[in-house]
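Asker: Attaching a single structure in structure tokens format; questions to follow.
The values are calculated or read from the model by the stated rules, or taken from the named source; none is laboratory data. Just so we're clear, the structure is a prediction, and the values are computed from it rather than from any experiment. Here the Cβ positions follow ideal geometry from the backbone for every residue, glycine too, while neighbour counts run over all protein chains shown.
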Amino acid sequence: MSPIQASVANLYNLNAQNATRAKSLSNITKAANKGEEKKEANTSSYNLDISDAGRKALSDQVAVKKNDNEETGSGGLLSKKAEDFLAKLKEKYKDYDLFVAEDLDDENATAGATKKYSVVFKPEELEKMAEDEEYADKVMGKVDEAIGITKRVEESGELGEGVSFKKISIKIDEEGNMKMFAELEKMSEAQMKRLEEQKAKRAEEKAEEAKAAENAEGEEETEPLTVKRAKIEATTEEELLDMIKGIKWDEIEEEEM
């Protein structure tokens with residue numbers, strides 16, 4: 001083979017090798033691109049093409065779910081309709097603290113109460129009231145009647161000397177049955193006198209607020225007031241009076257107010 005022929009052969013082999021390398025490189029690039037496409041497809045598999053109507057329906061479902069179950073004033077125990085109805089009751093009966101509880105026997109059912117009278121409903125009962133306002137009026141009429149009984153008993157002096165209602169709770173189950181829970185306090189004549197003196201003193205200090213503020217540091221500490229406390233429950237006026245008469249105040253220890 002002549003030198004010229006050898007050079008041509010070498011050049012031909014070199015070009016063939018370069019072509020093979022180029023093809024391999026192209027295959028590698030395609031494979032890599034295919035992998036990226038697959039990865040992108042995997043990561044975007046939840047990006048569905050939803051129509052405007054479908055998107056609105058999904059949004060409405062989420063809104064209903066949120067309204068029915070999340071952070072309502074009743075702690076999520078009520079539907080949106082019953083929650084709104086409870087808000088109306090609270091606006092109408094401002095002298096009462098109104099609560100919803102699954103367990104009426106739970107002492108924490110009225111936690112946070114700031115008023116003398118509390119009413120606790122089972123969720124099922126409040127749902128029923130929200131659906132039938134005539135029925136709701138009957139239930140609240142019973143509540144007013146029960147609280148009226150406690151007021152009459154207290155004002156008539158039937159509680160006894162120095163005894164008063166501190167708190168009263170009316171609890172209503174899912175069938176509309178009602179119970180009265182009352183906490184009573186008994187204060188001795190001496191303690192009652194001290195209480196009246198303290199009230200008079202506070203009224204005087206309020207009238208002379210500026211002067212009271214100047215002399216606050218010089219006030220002497222007074223002995224704390226003490227009372228006796230008892231709890232009862234009843235379903236009727238007669239049962240309530242029987243329970244009150246059955247309290248053995250002499251066996252109850254005094255505690256600070």
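Asker: Between a first residue in the stretch 187-207 that is over 19 Å from GLU256 (Cα atoms) and a second residue that is exposed (fewer than 11 other Cβ atoms within 10 Å of the Cβ) and basic (Lys, Arg), which pairs have beta carbons less than 7 Å apart while being 6 or more apart in sequence or on different chains?
Answerer: No pair meets every condition.
Asker: Considering only the stretch 111-122, state which residues are surrounded by fewer than 19 Cβ atoms within 10 Å (Cβ to Cβ), under 19 Å from the mean Cα position of the chain (by Cα) and either modelled with pLDDT of 95 or more or at negative phi (or both). Break it down stepwise before answering.
Answerer: In the first step, residues of the stretch 111-122 are kept if they are surrounded by fewer than 19 Cβ atoms within 10 Å (Cβ to Cβ); the result is 111-116.
Restricting the remaining residues to those that are under 19 Å from the mean Cα position of the chain (by Cα) gives 111-115.
Selection gives ALA111, ALA113, THR114, LYS115.
Asker: Out of (1) buried (at least 20 other Cβ atoms within 10 Å of the Cβ); (2) under 26 Å from the mean Cα position of the chain (by Cα), what's the single condition that is false for THR150?
Answerer: If we test THR150 against (1) buried (at least 20 other Cβ atoms within 10 Å of the Cβ); (2) under 26 Å from the mean Cα position of the chain (by Cα), just (2) comes out false.
Asker: A further question follows. Those residues that are outside any helix (DSSP H, G or I) and surrounded by 17 or more Cβ atoms within 10 Å (Cβ to Cβ), I need them from the stretch 153-177; list them, please.
Answerer: LEU159, VAL163, PHE165, LYS167, ILE168, SER169, ILE170, LYS171, ILE172
Asker: Can you confirm whether GLU161 is of a type in the set (Asp, Glu) and either more than 25 Å from SER79 (Cα to Cα) or in contact with a Cys (Cβ under 7 Å, 6 or more places away or on another chain) (or both)?
Answerer: yes
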